[in-house]
1. Looking at the square roots a ≥ b ≥ c of the eigenvalues of the Cα gyration tensor of the range A:244-355, which shape do they give, rounded for a/c under 1.5, prolate if a/b is larger than b/c, or oblate?
2. Return A:252, A:172 ranked ascending by Cβ neighbour count within 10 Å, so the fewest neighbours appear first.
3. How big is chain A in terms of Cα radius of gyration and Dmax, in angstroms?
4. Roughly how tilted is helix B:184-195, in degrees to the nearest 10 and between 0 and 90, from the longest Cα axis of chain B?
5. Any idea what Rg and Dmax come out to for the range B:6-254 if you just take the C-alpha atoms, in Å?
6. Please report A:186, A:5, A:28 as a ranked list, fewest other C-beta atoms within 10 angstrom at the top and most at the bottom.
7. Just to compare against my own numbers: the Cα pair-distance distribution for the range A:4-131, 10 Å bins, whole % per bin, please.
8. Could you please rank B:117, A:231, B:84, placing first whichever residue has the fewest other Cβ atoms within 10 Å of its Cβ?
């Protein structure tokens, strides 16, 4: 089939985003920009794994940050207790994945038979319990303060990947080839592998079954698919991917706390990203994560600049005050939902199909 | 008589005080097409739901061959070779026509757990899906979403889904309901083709008498959830009790 305008626009956007993320350390040479790029990579994986649930299979869960937190805390606690080695990373990541798998399977088998709303409530309750536990068990989790720890030697900013003849760290295009760069590419590559793995799954026979369950559960059952088994499986799968994303994030941040992984505000961010990008599209996760993370980091700066430019004009600078950034984010969100009811990617795809 | 491929024994379901299907015992055989008739509310679709598993019996049993399937889930029954098409069109609306059929083919092949190979690359499954697609004369509409099809084509797709499951027992619930006269024969031809295979058992709920005459080897009549008559078509159609049911006189006697 020939590509429609919408599909072409999406493909181009994806290539541009992929290129920007790939060359991010060279294109944006400041610490904050690299922070944003890494966060985007991780949230693409996190949102895509949530899209497997809500967009492909039609399962509403509020426990996604819980699995993200299992991975992050697993790695963080292992690094803190065992010291900054690869064995700690591997052990912590493995423990996070295992815990996610067990909890997801338990929730799934017990409650995926019940109506969607009850399932959503059960995930909400479980996630709340875990959030409380994380802040109460402070001798293990660091409580509200979280945990700060050191990461493997390779990812330390002082590590020299390549040196010139004077023993100084080598620079490419003005960028120091140090541990920070290695850490970024670790985040970028794992995120890309996980994302393409999920993309592959959505195109597989299993992906079609998941969509069938979303579309018409009773008929999927009548055709011969064990709906509960498929639902439990995809719930476990997305939990494992979220957990892995959490582990990568923990290695990148060198800090893990409730605010960076477990909080419900992150859960809401994930929901917004899925809706803005487009449910059930996978590529929507990329668009949603890029837009939301950029807005969270740069909307305030942009508004500050705009407020300064409007100085002298009555009232306008007040509206554009950087402190009102959430208000503007809300307005942008309402406009996006109004003009792109199926999310940006979803709407562009259907637009293209009609031509 | 050979061993029945499907049988019910004292099959009953109650909804509160209402008995929708009452003590129906009936056996169906390979190579035989049984048409189930009866007035609206007679329990025909409920009887189907009990056999295919959408509802679970309050009492009595359903056997497929020697296997007791009374308590099995619809998907387990489907995997045992019991296929069902629905009276109200029951498709995967946002998926394409080909994807709809491929879902049934891949369920039959047990390929639903395939994780890493793209579905379109499984050419043997796609080829089989296309066979059923063309049999149902939907070839030109393969890539349209099912929801965008006209009603007649949705009915054809409903039947194609059942055919793609390749069951031993085919259950059609008013397959031509709401279809125009020029489209109905397409569906009836599909059913006639299945009927010609002596290993298949066909159950059909139908109102239209010309369809009943064309396809039935045997007719059973349900009335108020009870089995009222069972026999060869001419015999059943001639019987006084059936005429009374359709003319409404029996209703007063049994009610």
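Since every read-out is calculated from the coordinates, none of them should be taken as a lab result. Predicted model, so just to flag it, every value in this text is computed and none were measured. Counting neighbours? That spans all protein chains shown, and the Cβs are built from the backbone with ideal geometry, glycine included.
1. Values: a/c = 2.59, a/b = 1.15, b/c = 2.26.
Verdict is oblate for the range A:244-355.
2. A:172, A:252
3. Expressed in Å, the Cα Rg and Dmax of chain A come to 21.5, 72.
4. Helix B:184-195 sits roughly 90 degrees off the main axis of chain B.
5. 18.6, 63
6. A:5, A:28, A:186
7. Using 10 Å bins, I get a P(r) of 11, 28, 30, 24, 7, 0 for the range A:4-131.
8. Numbers: B:117 13, A:231 22, B:84 27.
Fewest-to-most Cβ neighbours within 10 Å comes out as B:117, A:231, B:84.
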